[in-house]
Amino acid sequence: TPAGVTTLTKQIAASTDDVEQNNTNGSISTSSSDLEFTWDNHAQTIGMRFPSLAIPKGATIVNASIQFVGKETQSDVTNITFFGQAIDNAPTFTTSTNNVSNRQKTASSILWNTIPVWSVNGTYQTPLLTSIVQEVVNRPGWTNGNANAFIVTGTGHRTAYSFNVNATKAPKLTVSYQ
C-alpha cells in the first residue's frame, strides 16, 4: 500500500446485509443460501450492506471493489450494474416489499459487462466501484463508521455464496482511501 493510503476490508456479517428481491412481487429473501445475479426463476435485484466502515469524512477513495466466491456455474451472458444507496448511513435491509429497489440510488453506477463464467469456489472481483463509494463518502452526513449499501441490477445469471450458507465466503468489500 502506498504511503498515506489506508486499506480496509469488510465482509457481510448478517443475514439482513445480503438480500435478494424478487422483481415480480417485490418480496425480499434475507435467508437465501446464495446471491443470484440477477436471475433465479425470475428477475431480481440484489442488496448488499457493509456496516461500520472506518472511512473518515473528506477521504479520497483510491479504489473500491467487492469480491465474490462462486457457488455455482452458469454460462448465461451476464451484465450487471452496481449502484450505491444515496444515503449517509445505509440501514440494514428488511422484508418490506421492494426494500432494495425502493432505496434511492447514487448518480454513480458501474457496469460489469460480459462477466466470465464462474467456477465453484473461484473468487471474482468487481470492476472498481470507486466513484460509488466516493459519492456516498462525500455526502454531508457521512461520518466514520457509517454503512454503505450497494444495489445490483442486470441480466443473466452468476451465483455467489451468501452470508447464510458460508459466512467466510460472503461478499467482501475492500476500500483504499487517503
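The values are calculated or read from the model by the stated rules, or taken from the named source; none is laboratory data. What you see is a predicted model; the values in this text were computed from it and never measured. Glycine also receives a Cβ, built like all others from the backbone with ideal geometry; neighbour counts cover every protein chain displayed. Protein only, heavy atoms only, side chains kept; ligands, DNA and RNA dropped before computing areas. Shrake-Rupley method; radii C 1.70, N 1.55, O 1.52, S 1.80 Å.
Considering (1) open to solvent by 30 Å² or more (accessible area, probe 1.4 Å); (2) assigned to a strand (DSSP E or B), say which one A64 fails and leave the rest.
In the conditions (1) open to solvent by 30 Å² or more (accessible area, probe 1.4 Å); (2) assigned to a strand (DSSP E or B), A64 misses (1) alone.
Confirm whether D40 is among the charged types (D, E, K, R) and open to solvent by 10 Å² or more (accessible area, probe 1.4 Å).
yes
In segment 103-126, which residues are in contact with an Asp or Glu (Cβ under 9 Å, 6 or more places away or on another chain) and open to solvent by less than 40 Å² (accessible area, probe 1.4 Å)?
Result: T106, S108, W118.
When you scan segment 93-102, do you find a residue that is open to solvent by less than 80 Å² (accessible area, probe 1.4 Å), farther than 25 Å from W142 by Cβ and touching a Lys or Arg at 6+ places or on another chain (Cβ under 8 Å), even just one?
So far as segment 93-102 goes, no, none of its residues is open to solvent by less than 80 Å² (accessible area, probe 1.4 Å), farther than 25 Å from W142 by Cβ and touching a Lys or Arg at 6+ places or on another chain (Cβ under 8 Å).
Pull up segment 127-154, narrow it to residues that are more than 16 Å from the chain's Cα centre (by Cα) and open to solvent by 10 Å² or more (accessible area, probe 1.4 Å), then point me to the one that is farthest from R49 (Cα to Cα).
Restricting to residues being more than 16 Å from the chain's Cα centre (by Cα) and open to solvent by 10 Å² or more (accessible area, probe 1.4 Å), the top hit is P140.
Considering segment 67-109 alone, what residues qualify as being over 24 Å from S27 (Cβ atoms), in a strand (DSSP E or B) and of a type in the set (V, I, T)?
If the condition is that a residue be over 24 Å from S27 (Cβ atoms), in a strand (DSSP E or B) and of a type in the set (V, I, T), then V69, T106 are the ones that fit.
Restricting attention to segment 6-22, and to residues there that are aliphatic (A, V, I, L, M) and either over 13 Å from A54 (Cα atoms) or in contact with a Cys (Cβ under 7 Å, 6 or more places away or on another chain) (or both), which single residue is surrounded by the most Cβ atoms within 10 Å (Cβ to Cβ)?
The residue in question is V19.
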